[in-house]
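Everything on this sheet refers to the single structure shown next.
The values are calculated or read from the model by the stated rules, or taken from the named source; none is laboratory data. Given the structure is predicted, the values throughout are model-derived calculations rather than measurements. Backbone-built Cβ (ideal geometry, glycine too); neighbour counts: all protein chains shown.
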Amino acid sequence: MSGKNVRAKADGLTEVSMKINGRAYRGEVEPRTLLVYFLRDELNLTGTHVGCDTGHCGACTVVMDGKAVKSCMVLAVRAKGAEILTVEGLAHDDRLHPVQVAFTENHGLQCGFCTPGLLLSTLTLLQRNPHPTEEEIRRGIEGNLCRCTGYVNVVRSIRAAADSMAKQEVRGRS
Amino acid sequence: MIPKKFDYYSPSSLQEAIRLLRQNGEAKVLAGGQSLLPLMKLRLAAPTALVDISRLAGLSYIRDEVDYLAIGALVTHDAVEHDGTVKDRFALINDAVARIGDQQVRNLGTIGGSVCHGDPAADLPTALLVAEARYVLEGEGGKRIVPAREFFVDIFTTAVGHDEILTELQIPHLPPGSGSAYTKHSLRESDFAIANVGTVVTVEGDGKTCKEARIGFGSAGPTPLRAASAEQYLRGRPLDEATIAEAAERATEGANPPSDVHGSREYRLKMIKVLTQRSLGLALSRAGLTGSAAEL
């Protein structure tokens, strides 16, 4: 992994590069710049939201090297060389990802503020555990707070996403 | 929220990291960052330099040694939770890491970072105290090993010197016939504990007498503590419902929990008793004991 031996002065800028949604990005950041602000303010990838900004709400969740992380608790310099997936990378050619379709069809959102984070937590949950129980679903989204729907429809959406992704998998194999 | 400015170093060796700490009196070690970065954003911490050890090679292993389990300091909570040996043989450690924060926090947070943070309401300190873990610290002068009872010194204060780095946790294998458990009370799943209790019970060959018991609790003072009186009471006694209940009563002897916004002193004392009973019951069922005591 690159990123070894970085020495960055507090007042200076340091160059970071990372792959986001399959595309290479490069930018200059202060050591204290958090990943979420690099994504939003430098790269204009504003789908990743800032909710509480103290690590509780999960609205800023992105996938870093295959794992869901809260981008408000990761330094941009730390993400140097990483592969990042944000909500902007879920759909392909205007075709929504099955997780997005499931949330849309099952009323898994109202205001939508927490949705980008929930979609990415759902994706990593289902990648690890394609057929989660309700308890496993609820545990998987512990780190994502929603203030509108009360989770009933979110859980329903995740179930539906699991089903449609499993069907897709079967179709993919045949 | 944005942290105060700091110099950032990402050293390529442990020696270099230790040297950087020596050269920067106000530096802090950054590992997973899941405790330190929120504190820095709230400006409750403002180190002038961060020494990021998260990419150091060779500190992310779980190895079963002859008489202990060695866990590298940079292993994430998620990796500990999904390790088969931990699950099978160190149930209380598995219980504890599974209750830390949420999935995103467990994905980045490291066991070394969590214990060095020294939060008295955290999950691992209590579990590791009861597991009688050893802490391997490395500094300029080489390695030293700190026993479980000496690692946590005060609130947010550990035995780790400014220019030392925790590199490994050593968790001794539990004696044959043992079961262990960690239980926690919090209002929301990802919250810190209002009270937490860890236990290890070793049952005699007769399948009903207590050979040895370890009980520890946290979030009830500046550091986690062992419940010496309850441990002593259990030794040599039959592990029935009445004995467990009496041990739970004695568990809070020596406890001095604070009253704060999360719970009053009285409430915490009560919760320690309740959790002691539950934790002992779970540990006993894991030791293979069935019956009323194990179902508490």
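Pairing residues of the range B:1-12 that are at the interface with chain A (Cβ under 7 Å from one of its Cβ atoms) and in contact (Cβ under 8 Å) with a residue 12 or more places away in the chain with residues that are in a strand (DSSP E or B) and among the polar types (S, T, N, Q), at Cβ distances under 8 Å and at least 6 apart in sequence or on separate chains, gives B:8/A:14. Note on the range B:140-153: residues that are in a strand (DSSP E or B) and either in the same structural domain as residue B:15 (by TED's automatic domain parsing) or within 15 Å of the chain's Cα centre (by Cα) (or both) total 4.
Of the strands (runs of 3 or more DSSP E) entirely within the range B:1-102, those holding at least 3 residues that are under 17 Å from the mean Cα position of the chain (by Cα) and outside the structural domain of residue B:201 (by TED's automatic domain parsing) occupy B:68-72. What do you reckon, is residue A:72 part of a loop (DSSP other than H, G, I, E, B) and either farther than 20 Å from residue A:143 by Cα or not acidic (Asp, Glu) (or both)? Judged against the criteria, residue A:72 is not a match. Here residue B:137 fulfils each of the conditions (1) outside any loop (DSSP other than H, G, I, E, B); (2) closer than 24 Å to residue B:200 by Cα; (3) not polar (S, T, N, Q) apart from (2). Of all the listed residues (A:108, A:81), the sole one being within 14 Å of chain B (Cβ to nearest Cβ), assigned to a loop (DSSP other than H, G, I, E, B) and not hydroxyl-bearing (Ser, Thr, Tyr) is A:81. Quick check: anything in the range A:40-62 part of a strand (DSSP E or B), in contact with a strand residue (DSSP E or B) (Cβ under 8 Å, 6 or more places away or on another chain) and not assigned by TED's automatic domain parsing to the domain that holds residue A:158? Yes, because at least one residue in the range A:40-62 is part of a strand (DSSP E or B), in contact with a strand residue (DSSP E or B) (Cβ under 8 Å, 6 or more places away or on another chain) and not assigned by TED's automatic domain parsing to the domain that holds residue A:158. In the range B:154-210, counting only strands (runs of 3 or more DSSP E) that sit wholly within it, the ones holding 1 or more residues that are within 14 Å of the chain's Cα centre (by Cα) and surrounded by fewer than 23 Cβ atoms within 10 Å (Cβ to Cβ) span B:165-172. Evaluated against (1) more than 10 Å from chain A (Cβ to nearest Cβ); (2) farther than 26 Å from residue A:36 by Cβ, residue B:16 falls short on exactly one condition, (1).
Scanning the range A:84-105 for residues that are within 22 Å of residue B:103 (Cβ to Cβ) and away from chain B (no Cβ under 14 Å) yields a count of 11.
Scanning the range A:1-39 for residues that are at pLDDT 95 or above, within 11 Å of chain B (Cβ to nearest Cβ) and part of a loop (DSSP other than H, G, I, E, B) yields a total of 4.
For the range B:211-222, the tally of residues that are surrounded by 22 or more Cβ atoms within 10 Å (Cβ to Cβ) and within 28 Å of residue B:101 (Cβ to Cβ) stands at 7. Which one is farthest from the other protein chains (Cβ to nearest Cβ), of the residues in the range A:111-124 that are without any contact (Cβ under 8 Å) to a residue 40 or more places away in the chain and in a helix (DSSP H, G or I)? Top of the filtered list is A:115.
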